[in-house]
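**Student:** Once you've had a glance at the structure underneath, I'll fire off some questions.
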Amino acid sequence: MEGRVVVSGAKNAALPALTAALLTEERVVLHNIPRVRDISTMRSLLEDLGVDSSVTHEAHGNRIEIEARQLLNPVAPYELVKQMRASVLVLGPLVARFGQARVSLPGGCAIGVRPVNLHLKGLEKLGASISFDHGYVDARANGLRGTKFYFDTISVTGTENLMMAATLADGVTVLENAAREPEVQDLAHLLTKMGAEIEGAGTPEVRIRGVSRLHGAEHSIIPDRIEAGTFLVAAAITGGDLVVERCNPEHLTAVLAKLEEVGVQVVRDGANASNPARTLNVKAGRNLRAHDVTTLEYPGFPTDMQAQYMTLMTQAEGSSVITETIFENRFMHALELVRMGADITVNGRRAVVRGATGLSGAKIQASDLRASASLVLAGLAAEGQTLIDRVYHIDRGYERIEEKLTQVGAKIIRISESD
Ligand code: EPU
């Protein structure tokens, strides 16, 4: 890989930002929205609710404008929720502003059970009444009241949902053991521009003082740290020299530290305290060393980079233990990597990778978004041709990955749009 590659806006920051627009009848304008499938799914969901959004292409990403003047239908249907679990992010805003929401329960997922019990428990504490029927959850409220809520498991979208709901509640809400992800902070920035009073987003304790109404705002979505991390691994695995543009290195601390341990040189261009670098230059030799990793909530090593890191470890000298603590079934890619020649044993939440092994191109199958990224990376490192099936998974969260990687030297073609 050689050359420059540009990072898109963060899917996982854009999704809650789109649902935050439901909190006001005024216009919310969002920039740097990535052109990925999950964003189209969220727009379809907003349309189902009776809320129109319009899209314009900009130099970097899309601009989306939303004006949620009214709600025609408070239902997030099964057909959309089963495609994208983040649909549950409409729950908090709908209950807070309109006093009602009916959202299909998401059910299981390829990477784990992923319940939404904490979203519901928190809303109940804010004063909503919750009931279930026919696979749906019904939430109703006649005005929410500020409360104190402790997350007994840290949840990113759970924190986002309750933070949004609390902006219109009566009084102060304190969320304890909240998620600290940059995407949570970005949402808090948008909500603050809309008139919300939020302190502590990005720390484990978020305090929200409810206001009677929110207004319109304009906001640009942060860069996608996982897409950036995927490009860094692409360079590392091919012994490349790549400049990753429009990223925020501060959001990648754990990933950069791990890559440096492994033997990859990363230069933050022109970084100083007042002007953190927006560009990373990654240079990799052929001598990668194996290192263990454990996924953790932010600022730890992201679970969304675990699959890509596993592929990298197949090309490093020595054994590495990869421990997945966030999701209980996120090693589906390991079996596909083994089919390509990797030496990996999986035992529960632990995988041991013994490297370096040559990979040989094969016909393989993507099981979820990040797993499919790891298989593309394996294809870059493999000898011969790799054919990846079910690539729709990758389009959910990566904008034209085949074009971006082709521009920096990969040979990738999309054979069909959906399979
Ligand atoms: N959990 C519960 N109860 C809940 C909510 C979560 O037990 O009510 C558990 C989950 O089962 C999991 C853990 O808490 O074991 C963490 O899940 P979390 O709620 O934080 O995940 P999420 O909000 O559903 C977001 C991202 C994921 C990312 C995770 C972890 C979005 C839209 N999705 O999911 O992104 O993996 O946080 O960082 O923000 C991806 O982009 O590929 C992706 C899966």
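The values are calculated or read from the model by the stated rules, or taken from the named source; none is laboratory data. These figures come from a predicted structure and were not determined experimentally. Here the Cβ is made from the backbone with ideal geometry for all residues, glycine too, and neighbour counts use every protein chain on show. Accessible surface is based on the protein model in full, side chains and every heavy atom, while ligands, DNA and RNA are left aside. Shrake-Rupley method; radii C 1.70, N 1.55, O 1.52, S 1.80 Å.
**Student:** Give me the percent relative contact order of segment 150-286, please, defined on Cα pairs under 8 angstrom at least 6 residues apart. Each step should come with its number before you reach the end.
**Tutor:** Details: 238 pairs, mean separation 26.7, N = 137.
Relative contact order here is 19 percent.
**Student:** Highest mean first, what order results for 131-141, 185-195, 400-410 on Cβ atoms within 10 Å? Each step should come with its number before you reach the end.
**Tutor:** Details: 131-141: 14.9, 185-195: 21.5, 400-410: 17.4.
Final packing ranking: 185-195, 400-410, 131-141.
**Student:** Another question about this same structure. Give, as ranges by residue number, the residues of segment 386-410 whose backbone N falls under 16 Å from the point 7 Å along Cα→Cβ of HIS57.
**Tutor:** 399-401, 403-404
**Student:** In addition: If you count only protein heavy atoms and use a 1.4 Å probe, how large is the accessible surface of TYR392, to the nearest 10 Å²?
**Tutor:** Probe radius 1.4 Å; accessible area of TYR392 about 70 Å².
**Student:** A follow-up question, please. Before I look further, what does segment 312-419 give for accessible area per residue, probe 1.4 Å, in whole square angstrom?
**Tutor:** Normalised by residue count, the accessible surface of segment 312-419 is 46 Å².
**Student:** Return one quarter of the surface area of the convex hull spanned by the alpha-carbon atoms of segment 301-419, equal to its mean projected area, in nm².
**Tutor:** Working: hull surface 28.0 nm².
Taking a quarter of the hull surface, the average projection is 7.0 nm².
**Student:** Oh, and also: Which percent of the accessible heavy-atom area of the chain goes to carbon and sulfur, probe 1.4 angstrom? Walk me through the numbers before you get to the answer.
**Tutor:** Working: 7860 of 16850 Å².
Within the chain, the accessible surface is 47 percent carbon and sulfur.
**Student:** Apply 1/(1 + (r/R0)^6) to the Cβ-Cβ distance of GLN100 and ARG145, taking R0 = 22 Å, and write down the FRET efficiency to the nearest 0.05.
**Tutor:** 0.85
**Student:** Shifting gears a bit: Distance cut-off 20 Å, Cα to Cα: go down the list LYS283/LYS404; LYS258/LYS283; LYS11/LYS148; LYS11/LYS82 and report the pairs above it. Could the numbers behind the result be given before it?
**Tutor:** Values: LYS283/LYS404 18 Å; LYS258/LYS283 14 Å; LYS11/LYS148 29 Å; LYS11/LYS82 18 Å.
Result: LYS11/LYS148 exceed 20 Å.
**Student:** Right, here's the next one. Give me Rg over Rh for segment 1-61, both radii from the alpha carbons and Rh done the Kirkwood way, two decimal places.
**Tutor:** 1.04
**Student:** Residues of segment 17-154: accessible area per residue at 1.4 Å, in Å²? Write out the running numbers ahead of the final one.
**Tutor:** Numbers: 5920 Å² over 138 residues.
Spelled out: the 1.4 Å probe surface of segment 17-154, per residue, equals 43 Å².
**Student:** Also: Round to the nearest 0.05 the FRET efficiency obtained for ARG414 and GLU65 when R0 = 25 Å and r is the Cβ-Cβ distance.
**Tutor:** On the way: r = 30 Å, r/R0 = 1.19.
FRET efficiency, ARG414 to GLU65: 0.25.
**Student:** May I ask you to compute the full-extension gain from GLU317 to ARG350, defined as 0.36 nm times their residue separation minus their alpha-carbon distance, rounded to one decimal in nm?
**Tutor:** Numbers: separation 33, 0.36 × 33 = 11.88 nm, distance 1.89 nm.
Roughly 10.0 nm would be gained on extension.
**Student:** Cα atoms only: what Rg and Dmax, in Å, come out for the chain?
**Tutor:** 21.3, 62
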